[in-house]
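Presented below is the structure to which this report refers.
The values are calculated or read from the model by the stated rules, or taken from the named source; none is laboratory data. The shown structure was predicted, so the numbers you read here are calculated from the model rather than taken from an experiment. Here Cβ is always computed from backbone atoms with ideal geometry, including for glycine, and neighbour counts include all displayed protein chains.
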Amino acid sequence: MQQLYGSRLFWLTALRTLIGWHFLYEGLAKLTNPNWSGAAYLLDSGGIFKNFFFSLAGNPSLLQAVDFLNIYGLMAIGAGLILGMFEREAILSAIALLGLYYLSHPPFTGIKYAAPAEGSYLIVNKNLIELAALAVLFLFPTGKLTGIDRLIFNKKNE
């Protein structure tokens, strides 16, 4: 942790904040859209886990829980990353969520999706890249230096 200073600390904190903004905004956009549901996304799943995602969309109670967890999970993760609060928990939650997004729509050849992709991907897509960036942030946490975790954990250590 002592090695994080100057431009390294700045850029790692910037990366954490930018990813946090992405998560927070995605959650807010879903929350403010009264017609949003994850059903269409889940029903467009491909790959070996598609039946799992189909079953989530096909059960109204599960779908309601998935929608709630997706919206408020995105916002909580985003706020945690932006504020540097419970950073490690936010990072692990973000990695898990991005892993689910990746598994539901893996960018492999031979899988066709109804929704158009925003680019042409093969194995690596934005979800996997953001997941890898979060893994780096997990290895080089900044919240205890430039976040609310600094206030929380420094008081515990005193």
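Details
Yes or no, residue by residue, for (1) out of contact with any Pro (no Cβ under 9 Å at 6 or more places or on another chain); (2) under 17 Å from Leu24 (Cα atoms); (3) surrounded by 12 or more Cβ atoms within 10 Å (Cβ to Cβ):
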site: Gly73; (1), (2), (3): yes, yes, yes
site: Ala79; (1), (2), (3): yes, yes, yes
site: Ala90; (1), (2), (3): yes, yes, yes
site: Leu97; (1), (2), (3): yes, yes, yes
site: Ala117; (1), (2), (3): no, no, no
site: Leu134; (1), (2), (3): yes, yes, yes
site: Lys144; (1), (2), (3): yes, no, yes
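- Pairs with Cβ under 8 Å, 6+ apart, first in the stretch 71-95 and β-branched (Val, Ile, Thr), second at pLDDT below 95: Ile91/Pro141
- Scope the stretch 110-128; condition assigned to a loop (DSSP other than H, G, I, E, B) and of a type in the set (Lys, Arg); matching residues: Lys112
- Pairs linking a residue in the stretch 50-65 that is crowded, with 17+ Cβ neighbours inside 10 Å to a residue that is part of a helix (DSSP H, G or I) and β-branched (Val, Ile, Thr), with Cβ atoms under 9 Å and 6 or more positions apart or on different chains, are Leu56/Val66; Ala57/Val66.
- The one condition in (1) touching a residue at least 12 places away in the same chain (Cβ under 8 Å); (2) over 14 Å from the mean Cα position of the chain (by Cα) that Trp11 fails to fulfil: (1)
- Residue within the stretch 128-149 that is within 24 Å of Ala39 (Cα to Cα) and in contact (Cβ under 8 Å) with a residue 40 or more places away in the chain present: yes
- Check on Tyr41, under 15 Å from the mean Cα position of the chain (by Cα) and at pLDDT 95 or above: no
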